[in-house]
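Engineer: Sharing a structure with you now.
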Amino acid sequence: MSRQGRSAKASFVSAIVAASVVAAAVCGATGVSAADKLIEVQWSDPEIKNFVATSAPPRSLGPTADDQLSKLKLPVLAFDSTPGVVENTFRLGPRPATERDVVMDDENPVWYQIVERYGDVTVSVSADLRVQHTFSPEKFPIYENTSRGALPQAGPVVSVFDDRASGGEEGYLAEYTVTKYGVPYTVTVECTDAAKEECRDTTQISKDAELLKLIRAAPPTP
């Protein structure tokens, strides 16, 4: 794995571990168990019902990843094709091989993160039924699409952060959240300095949200 890949993976996993520690501390201080704080999934949503009823096999991310995802207690969203913001970076050189990781807790399968690395861009989709954590705008400069003639942005609102301002190595982070089935799903796009213009393209990143599809859903047995 390249230094860039190791750095991106480490930053994502570190964020997950930090969030878990904070959640555990909050629960310990209040005497409330993590289970009491879980978001209630809307399993009766028509999209989930249709997905479960169809005979078509779900999208496979590979045997190991499929086995992990099947254990989750929440619906799984993922990109069903390469996001446009990633496609736009292939002008920088040959199309890189995709590297993918699925991160979750087998003993407490109430959150997941799918991380896909495409050379200069890393894209992740994550969801967590526990207490949610977001970036603090006081710590990250935020850039918006204010170019002359810019059209109103359709889809979710995208925030772009200069990761270097907080000591990050990669360059820029773009992030947005969509809520489906009562669950917030967060998409994070991490760009190297060479691909920083792609991370600033909030219109394309927001449009890519249309590619998020349901790939796993295991409603609890009555």
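Engineer: Quick one: PRO219 ticks every box in (1) surrounded by fewer than 19 Cβ atoms within 10 Å (Cβ to Cβ); (2) on the phi > 0 side of the Ramachandran plot except a single one, so which number is it?
Structural biologist: All conditions are met except number (2).
Engineer: Ok, one more. Picking from GLU198, GLU210, which residue would you name as being at pLDDT 90 or above and surrounded by 19 or more Cβ atoms within 10 Å (Cβ to Cβ)?
Structural biologist: GLU198
Engineer: So which residues in the stretch 42-70 are surrounded by fewer than 16 Cβ atoms within 10 Å (Cβ to Cβ) and either β-branched (Val, Ile, Thr) or touching a residue at least 60 places away in the same chain (Cβ under 8 Å) (or both)?
Structural biologist: GLN42, GLU47, VAL52, THR54, ARG59, THR64, SER70
Engineer: Within the stretch 147-161, is there a residue that is of a type in the set (Ser, Thr, Tyr) and modelled with pLDDT of 90 or more?
Structural biologist: Among the residues of the stretch 147-161, at least one is of a type in the set (Ser, Thr, Tyr) and modelled with pLDDT of 90 or more, which makes the answer yes.
Engineer: Continuing with this model, one more query. Read through the list (1) surrounded by fewer than 19 Cβ atoms within 10 Å (Cβ to Cβ); (2) of a type in the set (Asp, Glu); (3) over 30 Å from LYS49 (Cβ atoms), then give the number of the only condition that ASP120 fails.
Structural biologist: Evaluating ASP120 over (1) surrounded by fewer than 19 Cβ atoms within 10 Å (Cβ to Cβ); (2) of a type in the set (Asp, Glu); (3) over 30 Å from LYS49 (Cβ atoms) leaves (1) as the failure.
Engineer: Name the residues in the stretch 49-65 that are touching a strand residue (DSSP E or B) at 6+ places or on another chain (Cβ under 7 Å) and part of a helix (DSSP H, G or I), would you?
Structural biologist: Result: PHE51, ALA65.
Engineer: In the stretch 173-218, how many residues are closer than 14 Å to GLY119 by Cα and either of a type in the set (Ser, Thr, Tyr) or assigned to a strand (DSSP E or B) (or both)?
Structural biologist: 4
The values are calculated or read from the model by the stated rules, or taken from the named source; none is laboratory data. What you are looking at is a predicted structure, and each value in this text was computed from that prediction instead of being measured. Counting neighbours? That spans all protein chains shown, and the Cβs are built from the backbone with ideal geometry, glycine included.
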